[in-house]
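Structure first, commentary second.
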Amino acid sequence: MKKSFANRLILNFTCVVFLGFLVVYFLFNFLIDTHIRQVAETELNREVMTIQENEFFDYIPLVGFDGYANFQIRTNRIQRNIVNVDTIIIDEHGIILHPHPQNLSESESEMIKALATFWLQNQSAFEVSDDMIMTAHHGHTFYMRATPHYFMQSHSLFLETLPVSVLMYTDITPAMNLKSSMNQILLALLATSGTLTLAISILLSTRFKQTIKRLSNHAEIIGQGNFNEKITDLSYSEFETLGASMNTMANMLGTYETNQKQFFQNASHELRTPLMSIQGYAEALQSNVFENDFASEIILEESKKMTTLINDILYLSKLNLNENIQLDLQLVTVADLIGGCAKRVQILAQKENKSLLIDKIAKITIETDQDKLERAIINILSNAIRYAHDEIRINCDLKTDQLIITIANDGDAIDPGDLPHIFDRFYKGHNGNTGLGLAITKDIITKLGGTITCENLNQGVQFIICLPIK
């Protein structure tokens, strides 16, 4: 069983949206983590530069001594929006000089001791690396840097210095908590938008399937031979375009079917006339009503007409189906082509006491199918001889990249109502023959890549053939 295109469309669309959501989620977290790290690194570097620019730290002795530390550091720290940098000062014996435990809560004091212990245990790592080092304590995450071998200078009565190590740290837990909250909001938004997207895709898919079903039903209606019903009011412009194309196709099929019916009716009529004549004279011969010579001559003429008609019908069918109608392209001299066509109809013109004149022939060689082009030109010349009063004129000229062949006669003008239909099959105007000659001519010229038109002159009718010069 074939897979449903609509279901596959929903699945593919959902997968694309889901993958897009994953990309957004992970890219968001990557960018947030990178931003937090960059901000923390910037703040720590700023603190390092501040320490490096000031080789001594000031301290003030406190009243009283508790054995832990008796110094208060003068600081003028700027509070940042995202991360704040704090400092721990440790003397050469590992004693914390700053911050003083009196200024800290129990949890803060425990955190300071833990960070100091971490630094004491990893001094070598801090000394060889200029990068931040991450550590965690009781659910808090810290970035740390250390700047050892600095001196603190007293502002007491006795000037003295004390070698210390400066440990800088920043607690990024608030930023990470903010990121976590933002992730929850992001996931909620993604889940909501994903659900809405899936619902919308299912809705669109349903409408899509309904539209496809309507188009399929319409195609079945056309296949059953109903070419008059039209399909409109489709969901989307692309389907409207397809529906319009199907309506156009239905019109073309309807026209083709009508033409085919008319073609067979006309063909039957045209064949029936000579057949009835042949049958009648054959019966007359059998009854000895007419002399053998007279009756046989009529039968022979009607047989030739029927043969010509059948050959034309077969030729038209081959042109329609492209069967056995291969173009034999070759270089042809226009003068020889026109001269040969004129010679082949010259006897017919003399028999009708009409003049066939060649005014001008372009000296050019073209690539075409000589036999088919000759047949088309001879059809027009034969038609012109039939309707001309006194003369037929042929003219060949060049216009840009086209060869223009005009064949004019001085006969009566074609009725304006007949003029648009003279190339239609079996269409016969006044004194018309079978109505196939000009239809065959147009099909040949079209297959050769050219065009043919007909127009009335002040005195007569003119056919214009335009062929591309290759």
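Here H100 fulfils each of the conditions (1) over 20 Å from T50 (Cβ atoms); (2) out of contact with any Ser or Thr (no Cβ under 6 Å at 6 or more places or on another chain); (3) buried (at least 16 other Cβ atoms within 10 Å of the Cβ); (4) at pLDDT 85 or above apart from (4).
Looking at A250, is it touching a residue at least 12 places away in the same chain (Cβ under 8 Å), closer than 30 Å to T87 by Cα and small (G, A, S)? So A250 fails the test. Yes or no: E220 outside the structural domain of M306 (by TED's automatic domain parsing) and free of Cβ contacts under 8 Å to residues at least 12 places away in the same chain? Answer is yes for this residue. Here H35 fulfils each of the conditions (1) surrounded by 13 or more Cβ atoms within 10 Å (Cβ to Cβ); (2) free of Cβ contacts under 8 Å to residues at least 24 places away in the same chain; (3) under 26 Å from K209 (Cβ atoms) apart from (3). Whenever a residue of region 400-412 is in contact (Cβ under 8 Å) with a residue 60 or more places away in the chain, its partners that are among the charged types (D, E, K, R), lying with C-beta atoms within less than 6 angstrom and at least six residues away or across chains, give the pairs I404/D397.
The values are calculated or read from the model by the stated rules, or taken from the named source; none is laboratory data. Quick caveat, the model's predicted, so the values are computed rather than measured. As a convention, Cβ positions derive from the backbone with ideal geometry for all residues, glycine included, and neighbour counts pool all protein chains shown.
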